[in-house]
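Where a number appears in this text, it was derived from the coordinates with a stated rule and is not lab data. Note that this is a predicted model, so its numbers are computed, not measured. Cβ placement follows ideal geometry from the backbone for every residue including glycine, while neighbour counts extend to all protein chains displayed.
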Amino acid sequence: MTSPGSSDVRWEYLTAPVLIHNTQAILNNFGRDGWELVTVTTGANPEQLVAWFKRPVRG
């Protein structure tokens with residue numbers, strides 16, 4: 001429920017593989033594009049990491 005006068009925020013989501021050897025650069029690149037990291041999970045195998053991002057829908 002929202003309070004009177006507040007606007008609803010719509011979100012878009014993105015998942016992306018994260019390479020262990022270049023994690024900081026990868027996350028910084030997404031951050032520069034306005035993506036906020038929500039969580040990191042394992043992929044199909046434990047060595048594969050998947051980052052989950054969100055950002056407000058523009059426009």
Exercise. Please work out how much length the chain gains when fully extended from Val9 to Ala44, using 0.36 nm per residue of separation minus the C-alpha to C-alpha distance, in nm with one decimal.
Key: 9.4 nm
Quiz item: What nm value, rounded to one decimal, do you get for the distance between Asn28 and Trp52 when each label is placed 7 Å out toward the C-beta?
Solution: 2.6 nm
Quiz item: Once all Cα-Cα distances of the chain are split into 5 Å bins that start at 0, what whole-number percent is in each one?
Solution: 4, 17, 23, 19, 13, 9, 7, 4, 3, 1
Exercise. Measure nothing but the geometry: give the 0 to 90° angle between the long axis through the Cα atoms of 23-32 and the longest principal axis through the Cα atoms of the chain, rounded to 10°.
Key: 20 degrees
